[in-house]
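Colleague: The structure that follows is given in the form of structure tokens.
Just so it is clear, none of the values below were taken in a lab; they were calculated from the coordinates. Every value quoted in this text rests on a predicted model; they were computed, and no experiment measured them. For neighbour counting, all protein chains shown are included, and Cβ atoms are generated from backbone atoms with ideal geometry for every residue, glycine included.
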Amino acid sequence: MSEFAVGVRAPTPANMPWLHLAALLLGACLLLLAFGRLMDVGANVAGPGVQRFDGAMLVAADGGESGPVPMQLLGNCHARGECTRLYRIRFQHDPAGGALQALYIPQFTGRLQVSLNGVPVIDSTRGQTSLRLGQGAPQLVPLPEQMLRPGGNTLELALGGRMGAGAVGPVYFGPDAELRDHHEAAHFLVVALPRLMDGALFAIGAIMLMIWLTRRHDQLYLLCATISLGFALSSLSPVIAGAFGAQFLLPVNVLRFLGACLLLPFTWRLVGRTPPVRTRWFLLPAMLMYLSFELLPAAWSTLLVPALFVPLALGLGAVALWEMWRAGIRGGDRSALALLATIAVLLSLATRDQLVTAGVLDRGYVLLARFNGPLLVMLMGAILLRRFSDGLSLLETFNARLHRDVAAARMELRAAFEREQAHVRKATLEAERMRLMGDLHDGIAGHLVSIISLCEQRRPGADGNVGDTSEEVAQASRRALADLRLVIDSMEDVGDDLAMMLTAFRDRVEPQLRRAGVFLDWQARNLPDLPGLAPATTLAIYRILQEAVNNAVKHSGSETIALVAGASPLPGHGVRLEVRDSGRGGASARRGGYGMGNMHKRAAALGATLSVESGAEGTRVLLDLPPRLPGEAGAATAGSGSA
């Protein structure tokens, strides 16, 4: 059932059907009581001076009269094609009362023309307001006293039916004040109320069609839209024929029969059953009806309607009622029960109209069965709209719950993210602390050990003299201080600015070279940024350059050391840093020395290429850096180790 598809819980047979069936039947009874007032509309208008005419003389073509014949909605005139009758009524009028008199005809079908004493007073074609083909709007015509004769007066009613039938009900003559209230009520039922219902059917059909366009998988809305629009258009058949031509009259009227045929597949889908055949097969009877009127002789097509098409529609309706009964009573489906109760009310209205037209009930000639189709379709639309609104309510509830769950999950994720961030910060700080401890231990601690060793050497020698190691202590202290400053400088945040990093190195190493009598030739201009500069990578570069400078000072004997920075000629590299001297050359790794090996390890950790060129013209230490340095983790070991 579609109701299940939107998550609305259907009642179980054990706890629902009889209680709800009783409630629905009670509502149906109340609805019948409400229609009781409508059933009285058009009944015998009783009042002072009101005359009712139930029969008239039938006028032949030669002017002769026969009769009197009864005037009833059924039985006046039935024929294929044009149908005409002329009735004549004679009545007495006493002008002594002085009140305005009126002629009132509550109901007729076909075309009606009325004349009083030879003067035309009514022509239904001039003010035809009925929205249903063949039905006429109630007519109330005030009659000035000049048109009435004291004593005998003659009414002539010319009745014509273009669709093969014409009829007229009782005719009333009397004071206008006595007849007007009844006319207004009948006019509302015959004209205004059908218009309102047709507007409601158009609205329901349009809404169902729009819903179906967004829910193509659910044909229930398409069926309801087709039935609703079919009933509305068939009621507007005179208007459509007048606007677009008489050729549209027949197909538009067939739409009402089409709606009756689609009631069964609608019921199947409403109660959750899959139709045994495709819905398109239920369009076939309407197509056959249309073709029979277009292709067959008039007599045959007229015979097929009561002999074939009406029984077929009744049979489909009976199956639909059985499905509603089984789903409503046995399955506890509220929608099926509501339709059953409504159909019971509509059947009572149809029974009442049959008794009225047969003359068993004398309650006027405003037939109420014309509202059966629109009322049923409106209830079908209301059921589907209720289901759709229930689905939207369920979706809103689910969305609200989902929003709450998402908000709770977001808070949990935020808390977990904050915990993870705290853990990462703690791990980062721990790694930096360990790196600094390693730098201080391997660099400054080594220098301090040297200083302590030199101080311990200040003891008497074999000749009784104390060695003078103050200069060695001072140099070792300066190296320790320089190394400490180098570590501190590496921690300065320079972003990706390689030039600023090298400037900080120059500021530290140039004073040391000056004290050693060595000139620093600085050649570093217009350097690009180097992504990945961090304390660990900066310290690794510092230590490589520091080792190269110290080796040049100690072993080259050159008075000038150049530090050159520029673009690297090697493919896949970004910047080349070069430390060169003009000394004696011969630089190579020595047994027992770790300087050159440490330089290569640090360069490899940086993803850089280190090469040493040494000859008679001097030594060149070339460090080709990649376009992007590794992060802290990749270079953490590169910055550690002694200088």
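Colleague: So, in nm, how far is label residue 508 from label residue 210 when the simple model puts each one 7 Å beyond its Cα toward the Cβ?
Modeller: Label at residue 508, label at residue 210, 7.5 nm between them.
Colleague: Ranking 217, 600, 183, 423 by Cβ neighbours within 10 Å, fewest first, what do you get? Please report the intermediate quantities before stating the final value.
Modeller: On the way: 217 6, 600 16, 183 23, 423 10.
So the ranking, lowest neighbour count to highest, is 217, 423, 600, 183.
Colleague: A further question follows. Need the full-extension length gain, residue 410 to residue 188, defined as separation in residues times 0.36 nm minus the C-alpha distance. One decimal, nm.
Modeller: Length gained, residue 410 through residue 188: 73.8 nm.
Colleague: Could you tell me the distance between the Cα centroids of the range 377-391 and the range 240-304, to the nearest Å?
Modeller: Value for the Cα centre distance between the two parts: 24 Å.
Colleague: Using 0.36 nm per residue of separation minus the Cα-Cα distance, give me the extension gain between residue 287 and residue 217 in nm, one decimal.
Modeller: Values: separation 70, 0.36 × 70 = 25.20 nm, distance 2.55 nm.
Contour length minus Cα-Cα distance gives 22.7 nm.
Colleague: Here's something else I'd like to know. List the trypsin sites (Lys or Arg not before Pro) within the range 536-628 that fall in a DSSP loop (any state other than H, G, I, E or B) and whose Cβ has at most 14 other Cβ atoms within 10 Å.
Modeller: 590, 591, 628
Colleague: Among the trypsin sites (Lys or Arg not before Pro) in the range 251-332, which ones are in a DSSP loop with at most 13 other Cβ atoms within 10 Å of the Cβ? Mind listing them? Mind showing how you got there, number by number?
Modeller: On the way: sites: 256, 269, 273, 278, 280, 326, 330; in loops: 273, 278.
Here the sparse-neighbourhood loop sites are 278.
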